[in-house]
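Trainee: Just passing along the structure, written as structure tokens.
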4 protein chains.
Amino acid sequence: MSSSFGSVFKVSTWGESHGVGVGVVIDGCPAGVPLTTEQIQKELDRRRPGQSDIVTPRNEEDRVEILSGVLDGVTLGTPIALSVRNKDHQSSAYNEMQHTYRPSHADYCYDAKYGLRAWAGGGRASARETIGRVAAGAVAKAMAQALYPQLQVIGWVQQVHTVFCHVQPAEVDPAVVESNIVRAADPESAEDMSVVIREARAKGDSVGGVVACTVRNCPVGLGDPVFDKLEATLAHAMLSIPACKGFEIGSGFGAPALRGSEHNDPYYMDGERVRTRTNNSGGVQGGISNGEDINIRLAFKPTATLMVPQNTVNDEHVEVQLRGKGRHDPCVLPRAVPVVEAMAWLVVADHILRQRSARI
Amino acid sequence: MSSSFGSVFKVSTWGESHGVGVGVVIDGCPAGVPLTTEQIQKELDRRRPGQSDIVTPRNEEDRVEILSGVLDGVTLGTPIALSVRNKDHQSSAYNEMQHTYRPSHADYCYDAKYGLRAWAGGGRASARETIGRVAAGAVAKAMAQALYPQLQVIGWVQQVHTVFCHVQPAEVDPAVVESNIVRAADPESAEDMSVVIREARAKGDSVGGVVACTVRNCPVGLGDPVFDKLEATLAHAMLSIPACKGFEIGSGFGAPALRGSEHNDPYYMDGERVRTRTNNSGGVQGGISNGEDINIRLAFKPTATLMVPQNTVNDEHVEVQLRGKGRHDPCVLPRAVPVVEAMAWLVVADHILRQRSARI
Amino acid sequence: MSSSFGSVFKVSTWGESHGVGVGVVIDGCPAGVPLTTEQIQKELDRRRPGQSDIVTPRNEEDRVEILSGVLDGVTLGTPIALSVRNKDHQSSAYNEMQHTYRPSHADYCYDAKYGLRAWAGGGRASARETIGRVAAGAVAKAMAQALYPQLQVIGWVQQVHTVFCHVQPAEVDPAVVESNIVRAADPESAEDMSVVIREARAKGDSVGGVVACTVRNCPVGLGDPVFDKLEATLAHAMLSIPACKGFEIGSGFGAPALRGSEHNDPYYMDGERVRTRTNNSGGVQGGISNGEDINIRLAFKPTATLMVPQNTVNDEHVEVQLRGKGRHDPCVLPRAVPVVEAMAWLVVADHILRQRSARI
Amino acid sequence: MSSSFGSVFKVSTWGESHGVGVGVVIDGCPAGVPLTTEQIQKELDRRRPGQSDIVTPRNEEDRVEILSGVLDGVTLGTPIALSVRNKDHQSSAYNEMQHTYRPSHADYCYDAKYGLRAWAGGGRASARETIGRVAAGAVAKAMAQALYPQLQVIGWVQQVHTVFCHVQPAEVDPAVVESNIVRAADPESAEDMSVVIREARAKGDSVGGVVACTVRNCPVGLGDPVFDKLEATLAHAMLSIPACKGFEIGSGFGAPALRGSEHNDPYYMDGERVRTRTNNSGGVQGGISNGEDINIRLAFKPTATLMVPQNTVNDEHVEVQLRGKGRHDPCVLPRAVPVVEAMAWLVVADHILRQRSARI
């Protein structure tokens, strides 16, 4: 009742970190979308572990297989099943955690909720679960761009610990983002951020940060008032990503500092097009896209698994100490970028299809 | 496809600001919940216009009528329909806005999406729509407290423009919140905030702020990984409230400033109960409640409708100036508090019922 | 979780027989559909009690009020709330049934399921609940015909007890159906059927029958394999009508008598149009409409409430006798026709909107 | 938007007949259900092709793999993904059908709906799609029987063409059903039916029939009025099975022949238990199970693919003749039995979980 997302373009992910594999079924993708394995693999490669020295060394190829719903490179309108086999899982590193709860991790809550859990590798609560999201996001992107070729979703790391990247959303170049291992929007910030990440790792510690994301050339009219406002479904999507603690759209938590006369975005005509002079709204008004860039920001906490001893309790409710093992990212931000983008694509693709029923 | 919320405890709101009325149907409330009109009316009275000199003077009694689903003060398990008639709408104040788009309001986007809109009073995009939410929230509260009598949801105004209220979530006293017209958590902040609000109103301007909300004595185990994590459904709920621009849980956007060793919440045993020493998690780990207080914060932008002239365009795409008329809140925060609480109750009630299917 | 129907064009009905009223909220009707109160009232008048001497004499005007979602005779794309107040309920007639279960009625099962029930007038299990369906069906019809003006749904009474009406579906004239109090497809059958109904009523007994329904000029392509095949959603819709015990499409239970070579419908070209020589398929193949008439048949059991003594038990589980009171239809068929049509419209309207997402 | 079924116990099937494979994701199965691959394989073996000389000779092992959601033989509460690889597909047999529409098959309608189709082996419209249903049904059965060990679902072939099996539902012995290749309820009928099937096959023709199904020891209270009545969701489930043309519950189309005084099922006390003397209701009253056997019947048309020449049209809308190739069942009934049972288990399992929210 919980691993599904979307209203018309619906995805259902499955899989545990140390199980047979992970994957997703997409039910509701229209027929006629050009789609290849390569398009999906490309996005998975961006979230793959082992890309650089600042992320987990778990060595997974993460090869995706299209099991259904596509024939001769075109979607059939039937469910698209995508699967990735797990290969390099080393469950022995988790033996100690079988009965001991990692602080700020999902272990205790899974036990409390379900009465049992797949303890190895974090099971369903592992970041490995996001493979299904990224694979589905690639399909959503293919569908959305088939209809709106100029539509773009661009994520980048805006902050790591106390290092900030100050490039404005409208100035972010995705080629620059992909050219550095942190996925920052400029090389200097990337360098500073990677230093902070390496320092944290050296100490067995971890750091968090902020991922920003912008949607460019979004059609006007997306978003379904009142409960499925565009920003509400985006917030739902983003807060479902492991470690995400906050969401902003447009002015966000900076909004209160402005008076209404400063915050309002005045309309003007840009040729035939209604536009706004400023974009405190973040591209959404009344829950509906207005055609300006959709700008969001997401706070991520530092990785919970640490290589230093921590106080905790075990499943017999005895207080114990735990020192993490296994292979972990000292900072999830670089690999979170493709996940954030995937979730944004899922939201946008769903709203594009929902919009088809807005008018007679 | 958009005015419904919830998975098991489902609500569907309806109504335009200047139409016949507003209301809600609740489909999925279990049988056997004690419920009276007074319980619902009490919450509606808290969001009613005209409560003080710092909110809109629109004079609405907002009397709720239970149309179905309740017999002899107990729910029947059948849909509960609640309705409030509109009385004091003055559509003439909106004549000018029939064809002119208010900046940062929903007017333009509704036209772009639907091809038409109920222009008077903001139609469906009016804050009046939240009556259905508050009414449904009262039912959710009745249901949840019937099962967990200690369960509490408490909202308060934590910030108005640049005035902050520094009471810690665990220290907030709901009686204090209800004792001042701003709904701040201490009388001094309330006084300062009301000054700021009156100043804004005097200039025809508006201010925003932050509403905080805490859920106390929440049962362990609520929240459905992976997409319907407790924080994800809370974020969805809150960002669907008009004027909300940001959401935080626990450490929120403050998380990146902490290292993992500082951010992690160590477990300890408090008698029979597993607890955490700190609560950066905000009561949720792995998307599931851990029994600590659930602490969230929501940014609200300043009211879009201003009594000063603004540049905009009309529905013939001509650039014009507009000065707002009608009756508006110079600051939505005081009346947003019961709406935030209602949405929190809806989320918690839904997850309480969903949790019934988590185990065999 | 149960009073909602539809995937994109979603309806939620509410109301008890002897409560304040009954109604429906439609969430998902596109903007721009011409819609008046009269269109809805006209359909409600067709299911209204007291139309003739062969139906219940309960005297209800059943005046519908549009509470939201429509402005100046056009839908807004927002939820459409429709409400009908109950007037002529005589709960005293039900005093005896407060604690005694009517055989083959819902009384016992409601108690077993919910632990309580609205005993007067059958509560939610009353046929009065179908008012919300008929009102919503009128909106679905308005929407569907705005897009496909030739689209028609025609229901009629094909059988009452052992009296059959042999007019072929393609020959049924809706004007003839509406011209007789039974809603049979020819006046002679109508006369014979009304005799049977009056005889049953005279004895305090009741009779059942078959309602047939045909959808003409249905666009090709409606229906969503695999679980929401057009016939599957039609069957769901029809079996949800009180007293319905069976559903057939096309050849139905007659299919086994034919060999494949007899049952298959050969394709041919009718000008530009692909058509079939026969229509054993009932207008649906592979779960998708093929453009031929959609022909379905529905079995209705005789009314459960009888004016003769019956053996039963009470809510203290003591065996007792019960003789029905209150006002009841000795045969539900004539008033079931508009309900069947309404459900068919709801299904067709929903699939029309769903079809908008079938192709890129 | 169409390959998903269920409200709490949700399944999403995927796969084309001649694609990589077929499968299902179950989202909503509670944690703690004992579940092995063998339990699932056993049911798949019952629907497997090549079991006898009266079904298709396609040779598929149909080995199921559990990809997620189960650890150490117990469900985790997370999605359960099940997959079966296709092996013995011979697409060349379908070359002629790539552009020619088989009469009464889904070919034309898929093209009309989606603009393209997986022509080989019927693609998504193949009966092979039911593998996902049967696999999911085995999980539903495991869950339901973990809670109600006496709960049973038994299907059998009641009619093939004009040969009837007259064993009463309450007398059917599942061991007898499984002991004959037709899955009739007595050996004599089975023999007569198999003669009819072999005759049809010898002529390149096909026959249909009726599958009956009974649910024994069903808990009282299942079914969600008003739209998700138990019979409504059963009808939805059954009419979604390929080739199903009709559904009856209890008296079904026989109901009209009885007067109310004959049709009503009088209540009596059987010890502590409220029971009915007769069971024309088929175990359901007011949409809710009453504890009596749930008896349903389903009409299946003769297989559409024939080995004799038939008139049809091709995808260039030219009238042509077609003689079927490929391997087909001359009668789907024997293999439909496990599919019918699986759908019944899915419905019952879902309602068992839904019932958990019926009361406070």
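The values are calculated or read from the model by the stated rules, or taken from the named source; none is laboratory data. Source: prediction; values computed, not measured. Reconstructed Cβ throughout: ideal geometry from the backbone, glycine too, with neighbour counts over all protein chains shown.
Trainee: Can you tell me which residue among A:SER83, A:SER92 is of a type in the set (S, T, N, Q) and in contact with a Gly (Cβ under 6 Å, 6 or more places away or on another chain)?
Mentor: Details: A:SER92 fails: in contact with a Gly (Cβ under 6 Å, 6 or more places away or on another chain).
Criteria check complete, one pass: A:SER83.
Conditions tested, residue by residue: (1) within 23 Å of D:TRP119 (Cα to Cα); (2) facing another protein chain (nearest Cβ under 7 Å).
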{"position": "C:ALA255", "(1), (2)": "no, yes"}
{"position": "C:SER261", "(1), (2)": "yes, yes"}
{"position": "C:ASN264", "(1), (2)": "yes, yes"}
{"position": "C:TYR267", "(1), (2)": "yes, yes"}
{"position": "C:ASP270", "(1), (2)": "no, no"}
{"position": "C:VAL274", "(1), (2)": "yes, yes"}
{"position": "C:VAL284", "(1), (2)": "yes, no"}
{"position": "C:ILE288", "(1), (2)": "yes, yes"}
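Trainee: Next question, about the same structure. Taking the stated definitions as given, is D:ALA140 within 18 Å of the chain's Cα centre (by Cα), over 21 Å from A:THR78 (Cβ atoms) and in contact (Cβ under 8 Å) with a residue 60 or more places away in the chain?
Mentor: On the way: within 18 Å of the chain's Cα centre (by Cα): yes; over 21 Å from A:THR78 (Cβ atoms): yes; in contact (Cβ under 8 Å) with a residue 60 or more places away in the chain: yes.
Against the criterion (within 18 Å of the chain's Cα centre (by Cα), over 21 Å from A:THR78 (Cβ atoms) and in contact (Cβ under 8 Å) with a residue 60 or more places away in the chain), D:ALA140 qualifies.
Trainee: Need the failing condition index for C:THR37 against (1) in contact (Cβ under 8 Å) with a residue 24 or more places away in the chain; (2) within 14 Å of chain D (Cβ to nearest Cβ), just the number.
Mentor: C:THR37 satisfies all of (1) in contact (Cβ under 8 Å) with a residue 24 or more places away in the chain; (2) within 14 Å of chain D (Cβ to nearest Cβ) except (2).
Residue-wise test of (1) hydrophobic (A, V, I, L, M, F, W, C); (2) at pLDDT below 95; (3) surrounded by fewer than 21 Cβ atoms within 10 Å (Cβ to Cβ).
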position	(1), (2), (3)
B:THR276	no, no, no
B:SER289	no, no, no
B:ASP293	no, no, yes
B:PHE300	yes, no, no
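Trainee: I'm trying to understand the selection: among the residues of region B:9-23, which are under 24 Å from C:TYR110 (Cβ atoms) and of a type outside the set (Gly, Ala, Ser)? Steps first, please.
Mentor: Pass one, region B:9-23, residues under 24 Å from C:TYR110 (Cβ atoms): B:9-12.
Of everything in region B:9-23, those that are under 24 Å from C:TYR110 (Cβ atoms) and of a type outside the set (Gly, Ala, Ser) turn out to be B:PHE9, B:LYS10, B:VAL11.
Trainee: Could you please give the count of residues in region D:146-175 that are closer than 30 Å to C:SER251 by Cα and assigned to a helix (DSSP H, G or I)?
Mentor: Number satisfying all stated conditions: 4.
Yes/no matrix, rows are residues, columns are (1) assigned to a helix (DSSP H, G or I); (2) under 25 Å from D:SER206 (Cα atoms); (3) of a type in the set (Lys, Arg):
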| position | (1), (2), (3) |
| --- | --- |
| D:ALA93 | yes, yes, no |
| D:PRO103 | no, yes, no |
| D:LEU116 | no, no, no |
| D:GLY121 | yes, yes, no |
| D:ILE131 | yes, yes, no |
| D:ALA144 | yes, no, no |
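Trainee: So, one more: Go over the candidates C:ASP350, C:ASP293, C:ASP329 one by one and state the one that is touching a Phe, Trp or Tyr at 6+ places or on another chain (Cβ under 7 Å) and not polar (S, T, N, Q). Break it down stepwise before answering.
Mentor: On the way: C:ASP293 fails: touching a Phe, Trp or Tyr at 6+ places or on another chain (Cβ under 7 Å); C:ASP329 fails: touching a Phe, Trp or Tyr at 6+ places or on another chain (Cβ under 7 Å).
Only one candidate qualifies: C:ASP350.
Trainee: Give just the number: which of (1) in contact with a helix residue (DSSP H, G or I) (Cβ under 7 Å, 6 or more places away or on another chain); (2) without any contact (Cβ under 8 Å) to a residue 40 or more places away in the chain; (3) polar (S, T, N, Q) does B:ASN295 not satisfy?
Mentor: (2)
Trainee: Same structure, new question: Can you name every residue in region B:58-86 that is in a strand (DSSP E or B), without any contact (Cβ under 8 Å) to a residue 60 or more places away in the chain and surrounded by fewer than 18 Cβ atoms within 10 Å (Cβ to Cβ)? Don't jump to the end; show me each part of the working.
Mentor: Our first condition is that a residue be in a strand (DSSP E or B); within region B:58-86, this holds for B:64-66, B:70-71, B:74-75, B:80-85.
If we keep only those that are without any contact (Cβ under 8 Å) to a residue 60 or more places away in the chain as well, we get B:65-66, B:70-71, B:74, B:80-82.
Of everything in region B:58-86, those that are in a strand (DSSP E or B), without any contact (Cβ under 8 Å) to a residue 60 or more places away in the chain and surrounded by fewer than 18 Cβ atoms within 10 Å (Cβ to Cβ) turn out to be B:GLU65, B:VAL74.
Per-residue answers, yes or no, for (1) touching a strand residue (DSSP E or B) at 6+ places or on another chain (Cβ under 8 Å); (2) within 30 Å of A:MET97 (Cβ to Cβ); (3) part of a strand (DSSP E or B):
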residue	(1), (2), (3)
A:ALA255	yes, no, no
A:TYR268	yes, no, yes
A:THR278	no, no, no
A:GLY282	yes, no, no
A:GLY291	yes, no, no
A:ILE296	yes, no, yes
A:PRO302	yes, yes, no
A:MET307	yes, yes, no
A:THR312	yes, yes, yes
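Trainee: Report, by residue number, each residue of region C:206-227 that is at the interface with chain D (Cβ under 7 Å from one of its Cβ atoms) and either under 14 Å from the mean Cα position of the chain (by Cα) or closer than 14 Å to C:VAL337 by Cα (or both). Talk me through it step by step, then tell me what you get.
Mentor: Just the residues of region C:206-227 that are at the interface with chain D (Cβ under 7 Å from one of its Cβ atoms), to begin with: C:206-210, C:220-221, C:224-227.
Within region C:206-227, C:GLY208, C:GLY209, C:VAL210 qualify.
Trainee: Does C:ILE352 meet the test of being under 21 Å from the mean Cα position of the chain (by Cα), modelled with pLDDT of 95 or more and more than 27 Å from C:ALA190 (Cβ to Cβ)?
Mentor: yes
Trainee: May I pose another question? Can you list residue pairs whose Cβ atoms sit under 8 Å apart, with the first residue in region B:3-31 being at the interface with chain C (Cβ under 7 Å from one of its Cβ atoms) and the second being of a type in the set (Val, Ile, Thr) and surrounded by fewer than 24 Cβ atoms within 10 Å (Cβ to Cβ)? Count only pairs 6 or more apart in sequence or on different chains.
Mentor: Listed pairs, sorted by first residue: B:VAL20/C:ILE66; B:ALA31/B:VAL74; B:ALA31/D:ILE360.
Trainee: Inspect all residues belonging to region D:21-35 and state whether any of them is of a type outside the set (Lys, Arg), over 20 Å from the mean Cα position of the chain (by Cα) and surrounded by fewer than 19 Cβ atoms within 10 Å (Cβ to Cβ).
Mentor: The answer is yes, given that some residue of region D:21-35 is of a type outside the set (Lys, Arg), over 20 Å from the mean Cα position of the chain (by Cα) and surrounded by fewer than 19 Cβ atoms within 10 Å (Cβ to Cβ).
Trainee: Give D:ILE241, D:ILE181 a once-over and let me know the one that is more than 7 Å from chain C (Cβ to nearest Cβ), more than 25 Å from C:SER289 (Cα to Cα), out of contact with any strand residue (DSSP E or B) (no Cβ under 7 Å at 6 or more places or on another chain) and in a loop (DSSP other than H, G, I, E, B). Lay out the reasoning, then the answer.
Mentor: Details: D:ILE241 fails: more than 25 Å from C:SER289 (Cα to Cα).
The unique qualifying residue is D:ILE181.
Trainee: Which of the residues spanning region A:40-73 are within 14 Å of chain D (Cβ to nearest Cβ) and in contact with a Pro (Cβ under 8 Å, 6 or more places away or on another chain)? Explain how you work it out, then say what you get.
Mentor: Residues of region A:40-73 within 14 Å of chain D (Cβ to nearest Cβ): A:63-73.
Within region A:40-73, A:SER68, A:GLY69, A:GLY73 qualify.
Trainee: Right, something else. Is one or more of the residues making up region D:336-354 assigned to a loop (DSSP other than H, G, I, E, B), buried (at least 17 other Cβ atoms within 10 Å of the Cβ) and in contact with a His (Cβ under 9 Å, 6 or more places away or on another chain)? Steps first, answer last, please.
Mentor: Within region D:336-354, the first condition is being assigned to a loop (DSSP other than H, G, I, E, B), and the residues that meet it are none.
Among the residues of region D:336-354, not one is assigned to a loop (DSSP other than H, G, I, E, B), buried (at least 17 other Cβ atoms within 10 Å of the Cβ) and in contact with a His (Cβ under 9 Å, 6 or more places away or on another chain), which makes the answer no.
Conditions (1) closer than 22 Å to D:VAL55 by Cβ; (2) at pLDDT 95 or above; (3) facing chain C (nearest Cβ under 10 Å); (4) touching a strand residue (DSSP E or B) at 6+ places or on another chain (Cβ under 8 Å), marked per residue:
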site	(1), (2), (3), (4)
D:LEU116	no, no, yes, yes
D:GLY121	yes, no, no, no
D:LEU151	no, yes, no, yes
D:TRP156	yes, yes, no, yes
D:GLN168	no, yes, no, no
D:PRO187	yes, yes, no, no
D:MET193	yes, yes, no, yes
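Trainee: Scan region D:143-162 residue by residue and report those that are β-branched (Val, Ile, Thr), surrounded by fewer than 24 Cβ atoms within 10 Å (Cβ to Cβ) and in contact (Cβ under 8 Å) with a residue 40 or more places away in the chain.
Mentor: Filtering region D:143-162 for residues β-branched (Val, Ile, Thr) gives D:153-154, D:157, D:160, D:162.
Now drop any that are not surrounded by fewer than 24 Cβ atoms within 10 Å (Cβ to Cβ), which leaves D:154, D:162.
Passing the criteria: only D:ILE154.
Trainee: Looking at region C:201-224, is at least one residue part of a helix (DSSP H, G or I) and surrounded by fewer than 19 Cβ atoms within 10 Å (Cβ to Cβ)?
Mentor: So in region C:201-224, the residues part of a helix (DSSP H, G or I) come out as C:201-202.
Within this subset, residues satisfying the condition of being surrounded by fewer than 19 Cβ atoms within 10 Å (Cβ to Cβ) are C:202.
Looking through region C:201-224, at least one residue is part of a helix (DSSP H, G or I) and surrounded by fewer than 19 Cβ atoms within 10 Å (Cβ to Cβ).
Trainee: When you scan region C:254-264, how many residues do you find that are surrounded by fewer than 22 Cβ atoms within 10 Å (Cβ to Cβ) and modelled with pLDDT of 95 or more? Spell out the reasoning first.
Mentor: In the first step, residues of region C:254-264 are kept if they are surrounded by fewer than 22 Cβ atoms within 10 Å (Cβ to Cβ); the result is C:254, C:257-259, C:261-262.
Then keep just the ones that are modelled with pLDDT of 95 or more; that gives C:254, C:258-259, C:261-262.
Residues in region C:254-264 being surrounded by fewer than 22 Cβ atoms within 10 Å (Cβ to Cβ) and modelled with pLDDT of 95 or more: 5 in total.
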